[in-house]
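What follows is a short report on a single structure.
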Amino acid sequence: MTVRDNIMLLGKISKMPLPAIIQRMKMLMEMVRLPLSYYDKYPYQLSGGEQQRAGLCRAMLLHPALLLMDEPFASLDYATKQGIYQHLLEIQKTESRTVVIVTHDWEEAIKLADHFVWIADGTIKASGDKSQLITLKNTYLSEP
């Protein structure tokens, strides 16, 4: 399937009106910095990061109340990550939803989290709000 077909899939299945699907798809592609010229590209023509961004567009098309993400930005370069973080924070202001992100990236967790749960070796080591996460990072990284 092309990028367009992939992103539009859930909208078509849910019988969302085509103009609404297209409008939402364009907005999401802009948000994740995928050029509209990518509509007709196939996954093998995209980098891993571009494939990941197209998947994020597909996941967000239907305005889900809950979004589960496992290392969604791991293969993206630093600049692209920073841009997507800003867009996600902005979209949260207008389309509030619960987002659960699994990450090993402290900076990502601090930037995106309101609340966190730190799990190591299958055990909850700590949980709390963003300020506690910052303190936990400083303590964890200073330990031998």
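The values are calculated or read from the model by the stated rules, or taken from the named source; none is laboratory data. All of these numbers come straight from a predicted model, not from anything done at the bench. Cβ coordinates were reconstructed from backbone atoms using ideal geometry, including for glycine residues, and neighbour counts include every protein chain displayed.
Which residue pairs have Cβ atoms closer than 7 Å, lie 6 or more positions apart in sequence or on different chains, and pair a first residue in region 94-122 that is in contact (Cβ under 8 Å) with a residue 12 or more places away in the chain with a second residue that is surrounded by 10 or more Cβ atoms within 10 Å (Cβ to Cβ) and among the polar types (S, T, N, Q)?
What qualifies is 109/103; 116/127; 118/127.
What number of residues within region 37-68 satisfy the criterion of being of a type in the set (Asp, Glu) and under 15 Å from residue 9 (Cα atoms)?
Residues in region 37-68 being of a type in the set (Asp, Glu) and under 15 Å from residue 9 (Cα atoms): 1 in total.
Which residue pairs have Cβ atoms under 8 Å apart, sit 6 or more places apart or on different chains, and have a first residue in region 1-18 that is under 13 Å from residue 57 (Cα atoms) and a second that is β-branched (Val, Ile, Thr) and not in a loop (DSSP other than H, G, I, E, B)?
That search, which allows pairs on different chains as well, returns 8/21; 8/22; 11/21.
If the requirement is being under 24 Å from residue 94 (Cβ atoms), over 14 Å from the mean Cα position of the chain (by Cα) and of a type in the set (D, E, K, R), which of these qualifies: 26, 81, 41, 12?
None of the other options fit; the residue is 26.
Looking at 74, 54, 59 in this structure, which one is modelled with pLDDT under 85 and within 23 Å of residue 41 (Cα to Cα)?
74
Looking at (1) under 20 Å from residue 7 (Cβ atoms); (2) modelled with pLDDT of 90 or more; (3) among the aliphatic types (A, V, I, L, M), which one does residue 84 not meet, given that it meets all the others?
Failing condition for residue 84: (2).
Being surrounded by fewer than 19 Cβ atoms within 10 Å (Cβ to Cβ) and β-branched (Val, Ile, Thr) is true for just one of 13, 21. Which residue is that?
13
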